[in-house]
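**Student:** Sharing a structure, written as structure tokens. Questions coming.
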Amino acid sequence: MTGKKKRTIILAIAAVLLALVVWTVWGNTALELNTYTVGSKELPDAFDGYRIAHVSDLHNAEMGDGNEKLLAVLREADPDIIAITGDLIDSRNTNIEVALAFAEKAMKIAPCYYVTGNHEARVSECAELKAGLEAAGVVVLENERGEIELSGETITILGVDDPSFNTDYLFGDSASVVSNTLAEISTEDDGFAVLLSHRPELFDTYVACGVDLALSGHAHGGQFRLPFVGGLVAPNQGLFPKYDSGLYTEGNTNMIVSRGIGNSILPFRFNNRPEVILIELKATPN
């Protein structure tokens, strides 16, 4: 092989590597808004067209100065409420101030509802975080239920703490932890029920408990997304996770899994842009 051919090959390899680096850097900061429509015969007519913005796994990331890029996407989504499904902070680099600053600004866009993730369970500042969120007006659902009223009609919103807050989780029984909690806080008269729960791998539990719409995160979209395959690895699901991104439906239960925004153990993601999700509810005929 001549010296000229070698240089050509080296330059070609360098160009490919540079393109991959640029693609990866861009893909970790290019926040996108993805929209899903969920229909249900249980949804009251007053909530037809109701819009829920879903934010998950921020992990203390800042999209733009003061999270302005994230807030701009939320303003564009024009939601009726904002659901935050855990890991607002990162246990390895905890910054309560960043999390609370985001929440305070998000509350000016729409009412916010929050549940914990596994990272909140790991830090001593969790109580401080919850108190700060409540002071900002965020509804913190700690294994609790609430109601959202519109034009005299209501839907139920349920929120469960991440199962790692419960000592039973030490024995690997997260499904029972969440199932028991849902049995305590839900009733047969809930009507259309939206569940905020960090863990998507518990989809079968949400189905068994009769949840209409579950919003989850945790999987980070599989971290590295492969064309025609999907996510590579997710916590509590391992390789090629079943529930890593998007909409899953079984019977009358829908679950939407956010790819999240920030990173944690792995400092970057590949082919897996951070996202905000917008869900539009539709009342369907009986």
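**Student:** Would you pick out the residues in region 54-69 that are in a loop (DSSP other than H, G, I, E, B) and more than 14 Å from Asn93 (Cα to Cα)?
**Tutor:** Taking region 54-69 and keeping what is in a loop (DSSP other than H, G, I, E, B), we get 56-64.
Residues satisfying the conditions are Ser56, Met63, Gly64.
**Student:** Given the criterion touching a residue at least 60 places away in the same chain (Cβ under 8 Å), in contact with a Leu (Cβ under 8 Å, 6 or more places away or on another chain) and either surrounded by fewer than 22 Cβ atoms within 10 Å (Cβ to Cβ) or within 26 Å of Ser245 (Cβ to Cβ) (or both), identify the matching residue among Leu196, Leu182.
**Tutor:** None of the other options fit; the residue is Leu196.
**Student:** Hey, can you tell me all the residues within region 111-139 that are among the small types (Gly, Ala, Ser) and under 17 Å from the mean Cα position of the chain (by Cα)? Don't jump to the end; show me each part of the working.
**Tutor:** Start the filter on region 111-139 by keeping residues that are among the small types (Gly, Ala, Ser), which leaves 117, 121, 124, 127, 131-132, 135-137.
Answer for region 111-139, where residues must be among the small types (Gly, Ala, Ser) and under 17 Å from the mean Cα position of the chain (by Cα): Gly117, Ala121.
**Student:** Which residue out of Leu195, Leu202 is in contact with a helix residue (DSSP H, G or I) (Cβ under 7 Å, 6 or more places away or on another chain) and within 20 Å of Gly39 (Cα to Cα)?
**Tutor:** Working: Leu202 fails: within 20 Å of Gly39 (Cα to Cα).
Answer to the selection: Leu195.
**Student:** Condition check: part of a loop (DSSP other than H, G, I, E, B) and in contact (Cβ under 8 Å) with a residue 12 or more places away in the chain. Does Asn254 satisfy that?
**Tutor:** Numbers: part of a loop (DSSP other than H, G, I, E, B): no; in contact (Cβ under 8 Å) with a residue 12 or more places away in the chain: yes.
Considered against the rule, which asks whether it is part of a loop (DSSP other than H, G, I, E, B) and in contact (Cβ under 8 Å) with a residue 12 or more places away in the chain, Asn254 comes out as no.
**Student:** Cβ-Cβ under 9 Å, sequence separation 6+ or interchain: first residue in region 152-176 and within 19 Å of Leu195 (Cα to Cα) and of a type in the set (Asp, Glu), partner modelled with pLDDT of 95 or more and part of a strand (DSSP E or B). Which pairs?
**Tutor:** The qualifying pairs are Asp161/Val115; Asp162/Val115.
**Student:** Can you tell me which of Thr85, Thr24, Thr8, Thr37 is surrounded by 11 or more Cβ atoms within 10 Å (Cβ to Cβ), in contact (Cβ under 8 Å) with a residue 40 or more places away in the chain and more than 30 Å from Gly152 (Cα to Cα)?
**Tutor:** Exactly one of Thr85, Thr24, Thr8, Thr37 is surrounded by 11 or more Cβ atoms within 10 Å (Cβ to Cβ), in contact (Cβ under 8 Å) with a residue 40 or more places away in the chain and more than 30 Å from Gly152 (Cα to Cα), namely Thr24.
**Student:** Scan (1) of a type in the set (Phe, Trp, Tyr); (2) more than 15 Å from the chain's Cα centre (by Cα); (3) not in a loop (DSSP other than H, G, I, E, B) for the single condition Tyr248 breaks and write down its number.
**Tutor:** It is condition (2) that Tyr248 fails.
**Student:** Separate question: Residues of region 185-213 being part of a loop (DSSP other than H, G, I, E, B) and among the acidic types (Asp, Glu), which ones? First the steps, then the outcome.
**Tutor:** Looking only at region 185-213, we keep the residues that are part of a loop (DSSP other than H, G, I, E, B), and these are 186-192, 197-199, 209-212.
Across region 185-213, the qualifying residues are Glu188, Asp189, Asp190, Asp212.
**Student:** Could you check how many residues of region 225-258 are among the hydrophobic types (A, V, I, L, M, F, W, C) and crowded, with 16+ Cβ neighbours inside 10 Å?
**Tutor:** Here is the first cut: in region 225-258, the ones among the hydrophobic types (A, V, I, L, M, F, W, C) are 226, 228-229, 232-234, 239-240, 247, 255-257.
Retained after the next criterion (residues that are crowded, with 16+ Cβ neighbours inside 10 Å): 232-234, 255-257.
The number of residues fulfilling the criteria is 6.
The values are calculated or read from the model by the stated rules, or taken from the named source; none is laboratory data. Fair warning: this is a prediction, and the values are worked out from it, not measured in the lab. Heads up, the Cβs are rebuilt from the backbone with ideal geometry, glycines too, and the neighbour counts pull from every protein chain shown.
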